[in-house]
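Note sheet for the following structure.
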Amino acid sequence: MSGAGSSAESGVPTFREAQTGLWAKYKPEDLATPGAFARDPQKIWKWYQWRRRLISQAKPNAGHLAITKLQKLLHSVSIITQNVDGLHQEAGSKSVIEFHGNIRYNKCSDGHHTELNTNNKTESIPLCPRCMNYLRPAVVWFGESIPEEASQQSIKLCEESDVFFSIGTSSQVYPAAGLVEISRNNNSLIVEVNPNSTPLTSTADYVFSEPSGSFLPKLLAALEMRKTK
Ligand code: BV8
């Protein structure tokens, strides 16, 4: 499972650090909610457009690319990502479950329309062609449920996993942060990759306290070495 830290080396600020400049005075948990959008749609729209412009300049980093190669090297490596930036897919990874949606799309709150956000600069919020309400970023806000399919697929993967890698997440947001326990109950090996400690650190089987962009290529190289022996 990946979190914002796995995109940090691509220049996308982590969710906790995202608040720089204009947004420094806000906490993400206070902006990424249906209530915030209902109260001040323009402000929330501007925040997302600002994040989208940042993400549009980001490229997959060595960690993303190593995961793509690991998928080819090993028989089944699946990705559950909390990130909404689409960088795993851009790195060529397959079977990516977007647990919290994808910021590159807008959707109608009624769920009957989704479309790509074609313009990261416009300040006018697009309207749903069916009901004429504001569209909103196609991400899961705090207080919103995880999309059923993403949730079910993720639980199934964790029930069947041999190894669960927690990569670049502060392990604080649920239910995403609870998935590791499903794997643990299935006797999976739990591995954390994060330069800082998190609530998971003390119970993980292995902890690599380094950036994902440097650890994952080393893991890949070690496994490729074993494969050639
Ligand atoms: C839910 C998409 C059921 C949006 C995100 C009160 C009311 C309602 C709910 C709650 C409540 N109290 C608690 C909850 C539950 C709540 C929750 O968990 N809150 C937290 C704050 C306690 N969860 C929810 O609301 C979830 N839904 O519960 O539904 C429900 C339904 C109805 C009513 C009630 C309940 C939905 C949560 C989804 C929120 N959406 N993102 C958007 O992007 O705009 S969450 C967002 O923050 C991310 O997606 C991610 O999941 C989460 C945490 O971010 P991280 O990825 O972990 O990033 P972070 O910055 O925190 O940490 C980065 C880490 O990387 C750090 O540890 C750092 O050390 C490390 N790092 C840095 N550089 C590197 C690195 N690691 C490796 N390499 C590096 N180079």
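Where a number appears in this text, it was derived from the coordinates with a stated rule and is not lab data. This structure is a prediction, so every number in the text was calculated from the model and none was measured. Neighbour counts run over all protein chains shown; Cβ positions are idealised from the backbone, glycine included.
The calculated FRET efficiency for the pair K218 and S151, based on their C-beta separation and a Förster distance of 35 Å, comes to about 0.65. When the Cα gyration tensor is reduced to axis lengths a ≥ b ≥ c, the ratio a/c is 1.5 or higher for the range 176-229, and with a/b not above b/c it is classed as oblate. Nearest 5 is fine: what % of DSSP beta bridges in the chain come out antiparallel, could you say? Approximately 40 percent, going by the DSSP bridge assignments. Taking every C-alpha pair closer than 8 Å and separated by at least 6 residues, the mean separation divided by the residue count of the chain gives a relative contact order of 21 percent. Magnitude of the charge dipole for the chain, about its Cα centre and with charges confined to Cβ atoms of Lys, Arg (+1) and Asp, Glu (-1), is about 680 debye. Rounded to the nearest 10 degrees, the angle from helix 212-228 to the longest Cα principal axis of the chain is 40 degrees. In the structure shown, the pairs K27/K107; K27/K59; K72/K227 are assessed against 19 Å; a Cα-Cα span above that value is assigned to K27/K107; K27/K59. Here K156 is the anchor, and the aspartates and glutamates within straight C-alpha reach of less than 15 Å, apart from those fewer than 8 places off in the same chain, are E98, E148, E181.
Taking the inverse of the average 1/r across all pairs of different Cα atoms in the range 96-205, what Kirkwood radius in Å do you get? Evaluated over the range 96-205, this radius sits at 16.0 Å.
Could you work out the local net charge near L223, counting Lys and Arg as +1, Asp and Glu as -1, over the other residues with Cβ closer than 15 Å to its Cβ?
Details: positive: K69, K72, K218, R226, K227, K229; negative: D162, E224.
With Lys, Arg at +1 and Asp, Glu at -1, the net is +4.
Taking only the C-alpha atoms of the range 1-113, the Rg (one decimal) and the largest Cα-Cα distance, Dmax (whole number), read 15.2, 49 Å. Using the average count of surrounding beta-carbon atoms within 10 Å as a protection proxy, the listed peptides 201-213, 55-67, 121-133 rank, highest first, as 55-67, 201-213, 121-133.
For the chain, taking Cα atoms only, Rg and Dmax work out to 18.0, 61 Å respectively. Seen against the Cα atoms of the chain and their longest principal axis, helix 41-56 is set at about 40 degrees.
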